[in-house]
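Everything below concerns the one structure shown next.
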Amino acid sequence: TMPKEPAVLRQNILDTTAAILACGIDPKKCVLFRQSLVPEHAELAWILGCLTNVPRLLRLPQWKMKRASQNNEGTVGLLTYPVLQAADILLYK
């Protein structure tokens, strides 16, 4: 939900992948992929977002805490992040 330099973001993706592999995750036994390259993920998040009402999202503790730490200037990305998390759970089981 925060702007990032594209080169830094790309490096962070590589570093995170290296850390996952260094922890012993076996790519022969699991699938590693970049979630941002799966269009169905964003599509399901959009569908769920269209079914979720704003007052429900505004009551979530994560929104309240983060918004308070950002001088009441929370972003839509932050507000709708729980919807994206729900898409994670439903799409990837």
Original post:
How large, in percent, is the carbon and sulfur part of the accessible surface of the chain at a probe radius of 1.4 Å?
Top reply: 63
Subject >> Accessible area, probe 1.4 Å, largest first, for residues THR75, THR16 >> reply: THR16, THR75
Subject >> In order through segment 38-49: 3J(HN,Hα) via Karplus (6.51 cos²θ - 1.76 cosθ + 1.60), integer Hz, x for Gly, Pro >> reply: 9, x, 4, 5, 5, 5, 5, 4, 5, 4, 5, x
Original post:
Which whole-Hz ³J(HN,Hα) couplings does segment 55-64 yield from phi under the Karplus relation 6.51 cos²θ - 1.76 cosθ + 1.60, θ = phi - 60°, glycine and proline marked x?
Top reply: x, 5, 5, 5, 7, 5, x, 4, 5, 4
**OP:** Kindly express, to the nearest 10 degrees and within the range 0 to 90, the angle between helix 81-92's C-alpha long axis and the longest C-alpha principal axis of the chain.
**Re:** 40
**OP:** Calculate for the chain the 222 nm mean residue ellipticity that helices alone would give, adding -39,500 (n - 2.57) per DSSP H run of length 4 or more and normalising by residue count, nearest 500 deg cm²/dmol.
**Re:** -19000 deg cm²/dmol
Original post:
Roughly how many debye, to the nearest 20, is the charge dipole of the chain about its Cα centre, given +1 on each Lys and Arg Cβ, -1 on each Asp and Glu Cβ, and no other charges?
Top reply: 260
**OP:** Measure out, as a whole number of angstrom, how far apart the alpha-carbon centroids of segment 30-93 and segment 6-28 sit.
**Re:** 23
**OP:** Beyond 16 Å, what share of the Cα-Cα pairs of the chain is found? Please give it as a whole percent.
**Re:** 67
**OP:** Normalising by the residue count of the chain, find the relative contact order in percent from Cα pairs under 8 Å and 6+ residues apart.
**Re:** 34
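The values are calculated or read from the model by the stated rules, or taken from the named source; none is laboratory data. Please read all numbers here as calculations on a predicted model, not as lab measurements. When we count neighbours, we look across all protein chains shown, and the Cβ atoms used for this are built from the backbone with ideal geometry, even at glycine. Each accessible area value is taken on the protein alone, full model and side chains, heavy atoms only, with ligands, DNA and RNA left out. Shrake-Rupley method; radii C 1.70, N 1.55, O 1.52, S 1.80 Å.
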